[in-house]
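Here is the structure we will look at.
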Amino acid sequence: MKQKVVLLGSNVIGKGNEALGEVILETFFTLLKQQEQVPYAVFCMNSGVLAMTEQSLVHVHLQELERRGTRMLACKTCAEAYEVADALAVGEIGTMQDFVKLASEFEVLTIS
């Protein structure tokens with residue numbers, strides 16, 4: 001995972017039952033943080049930026065990944081659109097240029 005970037009495009013995994021999608025997303029990040037090697041970065045866009053706020057149970061797992069060296073970035077346009085730019089509990093604001101640079105250097109694993 002060290003040479004990967006996780007692109008989180010939603011605050012849930014899958015379509016259908018949103019509560020189930022939140023549980024699945026939390027399970028994904030719970031297991032991811034337990035791996036020996038963690039991803040280089042997690043880039044959140046669209047409703048994925050909501051996972052970086054205290055309203056999401058996922059933010060705790062993202063904080064642990066960040067402590068282990070994973071860079072956490074929220075799409076600036078998305079964070080502003082969802083009005084959470086000042087409410088991030090983890091990470092920092094990034095730009096699409098940041099993501100394009102990461103995608104050119106690392107393998108991207110898309111979660112949505």
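Results for (1) of a type in the set (Gly, Ala, Ser); (2) surrounded by fewer than 18 Cβ atoms within 10 Å (Cβ to Cβ); (3) touching a Ser or Thr at 6+ places or on another chain (Cβ under 9 Å); (4) under 14 Å from VAL6 (Cα atoms), shown as yes or no for each residue.
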{"residue": "LEU65", "(1), (2), (3), (4)": "no, no, no, yes"}
{"residue": "LEU73", "(1), (2), (3), (4)": "no, no, yes, yes"}
{"residue": "TYR82", "(1), (2), (3), (4)": "no, no, yes, no"}
{"residue": "ALA85", "(1), (2), (3), (4)": "yes, yes, no, no"}
{"residue": "GLU92", "(1), (2), (3), (4)": "no, yes, no, no"}
{"residue": "LEU102", "(1), (2), (3), (4)": "no, no, no, yes"}
{"residue": "VAL108", "(1), (2), (3), (4)": "no, yes, no, yes"}
{"residue": "SER112", "(1), (2), (3), (4)": "yes, yes, yes, yes"}
Note to self: Taking the conditions exactly as written (under 13 Å from the mean Cα position of the chain (by Cα) and surrounded by fewer than 16 Cβ atoms within 10 Å (Cβ to Cβ)), does LEU57 satisfy them or not?
What the structure shows: yes
Margin query: I'd like to check which strands (runs of 3 or more DSSP E) are fully inside the stretch 7-112 and have at least 1 residues that are touching a residue at least 40 places away in the same chain (Cβ under 8 Å).
Written below: 41-44, 92-94, 107-111
Check: Here is a list of conditions, (1) touching an Asp or Glu at 6+ places or on another chain (Cβ under 8 Å); (2) closer than 15 Å to VAL108 by Cβ; (3) modelled with pLDDT of 95 or more, and HIS61 meets all of them except one; can you say which number that is?
Finding: (2)
Item checked: Candidate set from the stretch 70-112 (those that are touching a strand residue (DSSP E or B) at 6+ places or on another chain (Cβ under 9 Å) and polar (S, T, N, Q)); member that is nearest to HIS59 (Cα to Cα) -> THR70
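The values are calculated or read from the model by the stated rules, or taken from the named source; none is laboratory data. Bear in mind that the values here come from a model prediction, so they are computed numbers and not experimental data. With ideal geometry, Cβ positions are generated from the backbone for all residues, glycine too; neighbour counts draw on all protein chains shown.
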